[in-house]
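So the structure is just underneath, and the comments pick up after that.
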Amino acid sequence: MRLNLFIYLFLRLQRCNYSFSGLRVIFARYYMLQVTHHTHLIKEWAQQLGFSYCGIARARMLDEDARRLESWLNKGMHGSMHYMEKNFELRVDPTRLVPGAKSVITLLMNYYPPEQQVTDAPRIAKYAYGEDYHEVIRPKLNDLLARIRLNIGAVEGRGFVDSAPVLERSWAQLTGAGWIGKNGNLISKQNGSFFFIATLIIDLELEYDDPFAKDFCGTCTKCIDACPTDAILPNKQVDGSKCISYFTIELKDMLIPDEMQGRFDDWMFGCDTCQDVCPWNRFSKAGSEPAFAPIPEVLNLKTQDWEALTEESFRTIFKNSPLKRSKFKGIQRNLQFLQYNGTPLPTKEEQ
């Protein structure tokens with residue numbers, strides 16, 4: 001490809017008689033051909049690595065998102081997730097993460113499972129059915145960056161998968177992947193919302209996709225109405241300090257507040273209620289990544305099995321699972337909360 005481009009450049013230079021203006025035009029065309037070629041290569045490699053979507057946006061300061069994030073933090077909706085208060089500038093400006101950044105690449109990977117849990121069991125969010133997505137996706141990001149450097153040149157970049165100060169959903173919308181729904185999730189018209197979002201920031205100029213401009217939630221309020229703890233607000237904000245995922249995963253070494261008793265709908269680790277009721281998820285199809293195939297115990301353990309589980313067994317079974325993030329102690333706390341013998345508060349449906 002490069003040889004063909006140089007031949008093209010040589011022939012064009014001959015026609016222009018090497019004039020300065022001709023040189024400028026030819027080099028500009030050559031540069032744009034390279035940009036197009038690099039973009040196609042990166043999207044092809046992303047598909048080969050198992051990503052279902054690859055979109056690209058120009059790296060820039062996210063002014064509007066910065067204002068929304070600041071307002072959300074000022075309202076205390078992050079609860080005890082104090083890490084959200086740190087690195088504010090990095091979250092809204094990719095050039096602070098990668099100096100000279102020109103492109104932000106969004107990559108999606110479907111995790112919708114082919115099977116669901118047994119009904120008589122504490123419920124686990126679907127993203128945690130298989131192996132830890134950080135450990136699965138991070139090597140793929142490293143592989144993609146390595147291919148870019150090997151085939152394109154000395155490109156600086158960093159890959160992120162829900163483990164650094166990056167506004168993944170905002171960038172996903174800017175790259176055309178979908179829109180951010182009332183439940184705070186990125187939603188695709190074709191695939192719903194059961195996918196992981198990864199981000200690669202590089203200092204290479206590429207062709208940029210159009211942002212996803214329309215919100216297809218419309219007047220639907222299914223997620224708002226179904227949220228067991230009223231964490232989803234009407235103004236497209238999610239109060240993280242009321243979310244079941246926050247209580248069961250992020251609330252480290254603390255007891256779950258008594259006022260939440262009776263409202264968890266048997267969710268032991270995370271919560272999928274707002275996604276399960278979303279009409280767009282009727283288009284969800286099982287993912288193809290083998291590492292996200294459900295761990296058999298996740299599907300088959302019933303309540304009594306979880307109660308009898310020892311710490312040693314937990315570590316063995318879930319050594320590669322996102323559940324290890326809560327540790328055995330956290331899972332035991334969540335189980336005890338679900339089985340609380342006191343008088344539970346009424347559920348939303350009973351109120």
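Just so it is clear, none of the values below were taken in a lab; they were calculated from the coordinates. Treat the numbers as computed from the prediction; the structure is a model and nothing was measured. Note that each Cβ is placed from the backbone with ideal geometry, even for glycine, and that neighbours are counted across all protein chains shown.
Please state, as a whole number in µm²/s, the translational diffusion coefficient that the Stokes-Einstein equation yields for segment 217-351 at 20 °C and 1.002 mPa s, with Rh defined as the Kirkwood radius across alpha carbon pairs. Write down the numbers at each step before the final one.
Details: Rh = 16.6 Å.
Answer, rounded: 129 µm²/s.
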Partner lysines for K242 [C-alpha distance under 17 Å; skip if fewer than 8 residues away on the same chain]: K75, K182, K252, K348
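Kirkwood Rh, segment 247-295, all Cα pairs: how many Å? Mind dumping the intermediate values first?
On the way: mean 1/r = 0.0726 Å⁻¹.
Evaluated over segment 247-295, this radius sits at 13.8 Å.
Under the rule of -39500 (n - 2.57) per DSSP H run of 4 or more residues, summed and divided by the residues of the chain, what mean residue ellipticity at 222 nm is obtained, to the nearest 500 deg cm²/dmol?
Details: 12 runs with 125 residues, N = 351.
Value at 222 nm, helices only, nearest 500: -10500 deg cm²/dmol.
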Which aspartates and glutamates have a Cα less than 19 Å from the Cα of K329, not counting those fewer than 8 places away in the same chain? D132, E250, D253, D258, D266, E297, D305, E307, E311, E312
Going Cα to Cα from K189, which lysines come in below 19 Å? Please leave out same-chain ones fewer than 8 positions away. K214, K222, K236, K285
Expressed as a rounded percentage, what relative contact order does segment 28-351 have, with Cα pairs under 8 Å and six or more residues apart? 25 percent
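Ranked highest first by average number of other Cβ atoms within 10 Å, how do 62-72, 80-90 line up?
Values: 62-72: 14.0, 80-90: 12.4.
Order by mean packing, descending: 62-72, 80-90.
What is the local net charge at K252, summed over the other residues whose Cβ is closer than 14 Å to its Cβ (Lys, Arg +1; Asp, Glu -1)?
Values: positive: K324, R325, K327, K329, R333; negative: E250, D253.
Charge balance near K252 sits at +3.
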State the volume of the convex hull built on the alpha-carbon positions of segment 28-351, expressed per residue in Å³ and rounded to an integer. 141 Å³
